[in-house]
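Read-outs throughout are calculated quantities, based only on the coordinates presented, and are distinct from any laboratory measurement. Values in this document were obtained by computation on a predicted structure and should not be read as measured data. Positions of Cβ are generated from backbone atoms using ideal geometry, with glycine treated the same way; all protein chains shown enter the neighbour counts.
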Amino acid sequence: EEWKFAIEESTGDVQDLYAQKFKELVKEKSGGDVDVTIYTYGQLGTENDITELTASGAIQFSNASPGHLGTFVPEIQVFGVPYLLSQNNDVNKAVLSESPTIYKGLSKDFESKGLKLYTMYPEGEMVWTTKKKVETPKDFDGVKFRVMTSPILIDSYKSFGADPVALPWGEVYSGLQTSVIDAQVNPIFFIESAKFYEVTDYLIYAGQQQYTTTVVTNDAFYKGLSDDRKKLLKDVKSELDDYIFKAQADLNDKALDKIKKAKPSIKVIKLDADQRAKFEEASKSVGDNLVKEVGGDTEQVLADLRDEIGKKEKELGK
Ligand code: 6CS
């Protein structure tokens, strides 16, 4: 039996590490019966293409990051609300791996689109790479800022003061090179592997967002699996929750040094609490706008997530 798994990233990136380990564990736990074939970014299309392929059943698994899933499963855009997730990534890990709001509430929104939400995990703090120094919303005046394709990101970056442009990531390097765009945002491991630092001058940490991703399966495929296979997938998920959290942290830890070595002239700026507060204030209404636009259970999901994050922060620290 073959399961096809498409990722939104390249070999050696976080999603690839996940898929590789998934492949290994599925093979082992199925006694060699199931072979997972991994397709990296571009082999089957862009981020939005692989979601469609999974929903239609042409492939069984894919990564579908909230940053790109917004027109398909609009409710998932709650993960795009600036400053929603914790600055403590242990909190995010706990919420993303076991939250009832995600696996009971949001998962219904996936099912209605032919997808089964398998897992969620964080990929690291998202860092702005720009050609000019940005420390206040005013500094974003006239900056053409590339965001992923979910509509909430357009709203967010407008609220921050920039001119957002939505693109698949394959167009980002050349876009920066030719000044079709002036800036973009991604976790540091990805800025390193996709070489976005080569065509920008500043790395700016504003604390606004943790990159999150989902792994989805085709819903009919999942429902048709035997109880044994469903249990196998459940066991693999639990093992991978810890594995991928450590793996992404390692990859992100090493990436900044690699960038500094490859480009000593790169300037790294960490916005302080007052500077961050200005961006948070500017984007205050983004969550409410999302609730108004998407409707349905979005208001409840957002409130419940805030509650879960708050509770985990009490337990694990901010
Ligand atoms: O910027 C993007 O669109 C891409 N960034 C990451 C970290 N993963 C895949 C995604 O498509």
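A few comments on the model shown:
- Options 101, 71, 40, 54; residue that is within 16 Å of the ligand (Cβ to nearest atom), among the β-branched types (Val, Ile, Thr) and surrounded by 21 or more Cβ atoms within 10 Å (Cβ to Cβ): 54
- Hey, residue 297 of a type in the set (Asp, Glu), in contact with an Asp or Glu (Cβ under 7 Å, 6 or more places away or on another chain) and either surrounded by fewer than 19 Cβ atoms within 10 Å (Cβ to Cβ) or touching a residue at least 24 places away in the same chain (Cβ under 8 Å) (or both) or not: yes
- Evaluating residue 127 against the criteria (1) closer than 22 Å to residue 287 by Cα; (2) within 12 Å of the ligand (Cβ to nearest atom); (3) free of Cβ contacts under 8 Å to residues at least 40 places away in the same chain; (4) not small (Gly, Ala, Ser) leaves one unmet condition, (3).
- Of residues in segment 176-190 being crowded, with 20+ Cβ neighbours inside 10 Å and more than 9 Å from the ligand (Cβ to nearest atom), the one farthest from residue 259 (Cα to Cα): 181
- Some residue of segment 215-230 being in contact with a Phe, Trp or Tyr (Cβ under 7 Å, 6 or more places away or on another chain) and of a type outside the set (S, T, N, Q): yes
- Of the helices (runs of 4 or more DSSP H) lying entirely inside segment 176-268, those containing at least 1 residues that are within 15 Å of the chain's Cα centre (by Cα) and within 20 Å of residue 12 (Cα to Cα) span 188-193, 227-262.
- When segment 130-151 is filtered for residues that are of a type in the set (Val, Ile, Thr) and within 14 Å of the ligand (Cβ to nearest atom), the ones remaining, listed by number, are 147, 149.
- Pairing each residue of segment 241-267 that is surrounded by 17 or more Cβ atoms within 10 Å (Cβ to Cβ) with any residue that is in a helix (DSSP H, G or I) and of a type in the set (Asp, Glu), provided the two are 6+ apart or on different chains, yields C-beta distances under 7 Å for 255/192; 259/192.
- Unmet requirement for residue 49, which otherwise passes all of (1) touching a strand residue (DSSP E or B) at 6+ places or on another chain (Cβ under 7 Å); (2) not in a loop (DSSP other than H, G, I, E, B): (1)
- Residue check for residue 310: of a type in the set (Gly, Ala, Ser), closer than 26 Å to residue 78 by Cα and in a loop (DSSP other than H, G, I, E, B): no
- For residue 111, the criteria (1) among the acidic types (Asp, Glu); (2) farther than 22 Å from residue 223 by Cα; (3) away from the ligand (no atom under 14 Å from the Cβ) hold in every case but one, which is (2).
- Residues of segment 159-175 satisfying the condition of being more than 12 Å from the ligand (Cβ to nearest atom) and touching a residue at least 40 places away in the same chain (Cβ under 8 Å): 159, 160, 161
- Residue match in segment 194-214 (condition: within 16 Å of the ligand (Cβ to nearest atom), under 30 Å from residue 254 (Cβ atoms) and free of Cβ contacts under 8 Å to residues at least 40 places away in the same chain): yes
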